[in-house]
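*Asks:* Take this structure first; my questions come after.
The values are calculated or read from the model by the stated rules, or taken from the named source; none is laboratory data. What you see is a predicted model, and the numbers here were worked out from it, not measured in a lab. In this analysis, Cβ positions are derived from the backbone assuming ideal geometry, glycine residues included, and neighbour counts consider all displayed protein chains.
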Amino acid sequence: MIMNLLSLITNLIDQYGYIVIVITAFLEGASIPFPGSPILVLSGFLIYQGKIHLWLAVLLATTFYTIASIIPYSIGKKLKEKLFDFLEVYLKISREKIDKIKAVFNQYGEISICLTRPFFIGNYISYFAGISQIPLIRFLPLTFIGIMPWSFLYLVLGYIFRGSVGKVDSFLDRYHIFGIWNFIGVGIFGVLIAFKWYKNKKAKDGES
């Protein structure tokens, strides 16, 4: 059954390419439980075949994930303290995981919107950004920057391993996925710090 489903998804990707990537990213961004990473890996094979372009695929996946993240953000903003019951009852997220996401957000604040995106809690951090009333004008860029490495990594790995989900899983297990994401996270954090420094410097230069 799993092989038949995988074959069906592969055929859909082969026929519709970018559309499947857009739908996949949108469902992930909307915090709907969905195997987004394997589908991006399968899509990477189309990049290898020259049927789609890497950077356009990355841009589409990143953009539509970011757009869809407004949905959980808005739900969190509206439900406020009732959010925790919503996550537990409707999305079947355990109270333990909810407390973990809440603790991460409380500890790191806005930057967690960016840095947690590649991990499990990244899809759900949008709810907490909404409940905390973080302005959308800051939420969206942080989401875009944070999810881009996820889009890029799985598409590139799909390209390298010719769309083999099993080989990609083995590679990530062998070379420690969290080490890879930590490296990417540090890079993102560095970019944000550099951008903030440049913005402050520009403001000071304008005053002088």
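*Asks:* Of SER74, SER112, which residue is modelled with pLDDT of 90 or more, under 19 Å from THR143 (Cα atoms) and either of a type outside the set (Phe, Trp, Tyr) or buried (at least 22 other Cβ atoms within 10 Å of the Cβ) (or both)?
*Replies:* Working: SER112 fails: modelled with pLDDT of 90 or more.
The unique qualifying residue is SER74.
*Asks:* Follow-up. With the requirement that a residue be in contact with a Phe, Trp or Tyr (Cβ under 9 Å, 6 or more places away or on another chain) and closer than 21 Å to SER170 by Cα, what does the stretch 20-45 give you?
*Replies:* If the condition is that a residue be in contact with a Phe, Trp or Tyr (Cβ under 9 Å, 6 or more places away or on another chain) and closer than 21 Å to SER170 by Cα, then GLY36, SER37, PRO38, ILE39, LEU40, VAL41, SER43, GLY44, PHE45 are the ones that fit.
*Asks:* Please go through the stretch 3-41 and pick out each residue that is touching a Gly at 6+ places or on another chain (Cβ under 8 Å) and either buried (at least 23 other Cβ atoms within 10 Å of the Cβ) or at pLDDT 90 or above (or both).
*Replies:* At the first step, the residues of the stretch 3-41 found to be touching a Gly at 6+ places or on another chain (Cβ under 8 Å) are 10, 24-25, 27-28, 40-41.
Residues satisfying the conditions are THR24, ALA25, LEU27, GLU28, LEU40, VAL41.
*Asks:* A further question follows. Does the stretch 105-141 hold any residues that are over 19 Å from TYR65 (Cβ atoms) and aliphatic (A, V, I, L, M), and which are they?
*Replies:* Within the stretch 105-141, just ILE131 meets the criteria.
*Asks:* Separate question: For the stretch 139-171, name all the residues that are under 22 Å from LYS78 (Cβ atoms) and not in a helix (DSSP H, G or I).
*Replies:* Listed by number, the list is empty, since nothing qualifies.
*Asks:* Which one is nearest to the chain's Cα centre (by Cα) among residues in the stretch 135-152 that are of a type outside the set (Phe, Trp, Tyr) and crowded, with 19+ Cβ neighbours inside 10 Å?
*Replies:* Residue satisfying both the conditions and the ranking: ILE147.
*Asks:* Moving on to the next point. Could you grab the pairs with beta carbons closer than 7 Å, sequence gap of 6+ or different chains, first residue in the stretch 160-181 and on the phi > 0 side of the Ramachandran plot, second one at pLDDT 80 or above?
*Replies:* Note: pairs meeting the criteria are ARG162/PHE45; ARG162/TYR48; GLY163/VAL41; GLY163/LEU42; GLY163/GLY44; GLY163/PHE45.
*Asks:* Please verify whether GLU88 is modelled with pLDDT under 85, touching a Lys or Arg at 6+ places or on another chain (Cβ under 9 Å), surrounded by fewer than 22 Cβ atoms within 10 Å (Cβ to Cβ) and over 17 Å from VAL156 (Cα atoms), treating the condition exactly as stated.
*Replies:* Details: modelled with pLDDT under 85: yes; touching a Lys or Arg at 6+ places or on another chain (Cβ under 9 Å): yes; surrounded by fewer than 22 Cβ atoms within 10 Å (Cβ to Cβ): yes; over 17 Å from VAL156 (Cα atoms): yes.
Taking the combined requirement at face value, the residue satisfies it.
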